[in-house]
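The values are calculated or read from the model by the stated rules, or taken from the named source; none is laboratory data. Treat the numbers as computed from the prediction; the structure is a model and nothing was measured. Note that we place each Cβ from the backbone using ideal geometry, even for glycine, and neighbour counts take in every protein chain shown.
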């Protein structure tokens, strides 16, 4: 009897305590989906958030509300936006944060610091830089079937699978704080009613200093990680030949010592020819393999030389040197990096070739 009494007493207490926990439904809070930040009015910052609101009728659709504020820092903006909202803001569902390129060119560190200190924001949130005004991006309407916030997120997700290096807040923070590595982010551009990934930008720690076009991002992804997907067209014999990547692997090797390192990047790509335009000429599998070997080697080598000239190390060669050669001096690496030999070796294997001979 005594045991039953204790059990029932604990059960009643548990139910009482559970009832005391604040529990707000999604209808009682403003769930921020996307946030954008821009420099305005001589060093002032404008922040704009996008909040999806579910329509309570038979349609079951979603409306998107935008709230903006101008302040000296992100915390002030957050406070002023809450003052304009009838419900408390919740950042736990934010999926994308965009910054105008004027912020990126000046100093992005304070904005990144705000994100990493906010315990409600997940480390998988996507970050991006915008050509011009970031607010202009999240106020656009790009699809009749998808809300803008979802559209932007899906745009990043599908391009990350195929064409750009995997990137999010966690990976940005890792590169930002690492010794011997610099962060990078996708670069967005809006033209009328169309939103596109226009390229990729690279930071010398807190400042954006270099950009490549979207057409070069696929090769950057090949040099950065193993993956399966994406297409790469090349010009060959006055034809456009498209290779579909069905599996790529990249490995880094170091020769020499800490004072005089030499890097070798070995890239293997397996694929199949997806298209040849026009189709009036037969090409052998071997000659196409050589053509893609030459393209990826030349493009990869040029990308790395551009990185060295601009003093950015997105591939983390310095970190690889630190991990494999021990003692590491970041200042010493910064000085030697532009002149470090880096050789790119590429092997392309075409596994299926239904169009050519």
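Please enumerate the residues belonging to segment 257-279 that are out of contact with any helix residue (DSSP H, G or I) (no Cβ under 6 Å at 6 or more places or on another chain) and at pLDDT below 90.
Answer for segment 257-279, where residues must be out of contact with any helix residue (DSSP H, G or I) (no Cβ under 6 Å at 6 or more places or on another chain) and at pLDDT below 90: 257, 259, 274, 275, 276, 277, 278, 279.
What's the number of the condition residue 293 fails, among (1) farther than 26 Å from residue 258 by Cα; (2) out of contact with any helix residue (DSSP H, G or I) (no Cβ under 6 Å at 6 or more places or on another chain); (3) crowded, with 18+ Cβ neighbours inside 10 Å?
If we test residue 293 against (1) farther than 26 Å from residue 258 by Cα; (2) out of contact with any helix residue (DSSP H, G or I) (no Cβ under 6 Å at 6 or more places or on another chain); (3) crowded, with 18+ Cβ neighbours inside 10 Å, just (3) comes out false.
Would you mind telling me which numbered condition in (1) farther than 27 Å from residue 177 by Cβ; (2) touching a strand residue (DSSP E or B) at 6+ places or on another chain (Cβ under 6 Å); (3) at pLDDT 95 or above residue 190 fails?
(2)
Grab the strands (runs of 3 or more DSSP E) fully contained in segment 180-267, keeping just those with 1 or more residues being assigned by TED's automatic domain parsing to the domain that holds residue 318 and surrounded by fewer than 20 Cβ atoms within 10 Å (Cβ to Cβ). Quick ask: steps written out before the conclusion?
Values: elements: 184-191, 194-204, 207-213, 231-236, 239-255.
Once the strands (runs of 3 or more DSSP E) in segment 180-267 are filtered for at least 1 residues that are assigned by TED's automatic domain parsing to the domain that holds residue 318 and surrounded by fewer than 20 Cβ atoms within 10 Å (Cβ to Cβ), what remains is 231-236, 239-255.
Within segment 310-318, can one find any residue that is in contact with a strand residue (DSSP E or B) (Cβ under 7 Å, 6 or more places away or on another chain) and in a helix (DSSP H, G or I)?
Taking every residue of segment 310-318 in turn, at least one turns out to be in contact with a strand residue (DSSP E or B) (Cβ under 7 Å, 6 or more places away or on another chain) and in a helix (DSSP H, G or I).
Of the residues 121, 164, which single one is buried (at least 20 other Cβ atoms within 10 Å of the Cβ) and in a loop (DSSP other than H, G, I, E, B)?
From the options 121, 164, the qualifying one is 164.
In contact (Cβ under 8 Å) with a residue 60 or more places away in the chain, assigned to a helix (DSSP H, G or I) and either within 30 Å of residue 332 (Cβ to Cβ) or touching a strand residue (DSSP E or B) at 6+ places or on another chain (Cβ under 7 Å) (or both): is that true of residue 135 in this structure?
yes
Tell me which of these residue 86 doesn't satisfy, since it passes every other one: (1) farther than 30 Å from residue 321 by Cα; (2) touching a residue at least 60 places away in the same chain (Cβ under 8 Å); (3) part of a loop (DSSP other than H, G, I, E, B).
Tallying (1) farther than 30 Å from residue 321 by Cα; (2) touching a residue at least 60 places away in the same chain (Cβ under 8 Å); (3) part of a loop (DSSP other than H, G, I, E, B), residue 86 fails exactly one: (2).
Quick one: residue 103 ticks every box in (1) surrounded by fewer than 21 Cβ atoms within 10 Å (Cβ to Cβ); (2) part of a loop (DSSP other than H, G, I, E, B) bar one, so which box is it?
(2)
Answer yes or no: is there a residue in segment 48-66 that is at pLDDT 90 or above, part of a loop (DSSP other than H, G, I, E, B) and surrounded by 13 or more Cβ atoms within 10 Å (Cβ to Cβ).
Within segment 48-66 (the criterion being at pLDDT 90 or above, part of a loop (DSSP other than H, G, I, E, B) and surrounded by 13 or more Cβ atoms within 10 Å (Cβ to Cβ)), the answer is no, since none of the residues qualifies.
What number of residues within segment 224-242 are over 25 Å from the mean Cα position of the chain (by Cα) and on the phi > 0 side of the Ramachandran plot?
Here the count works out to 2.
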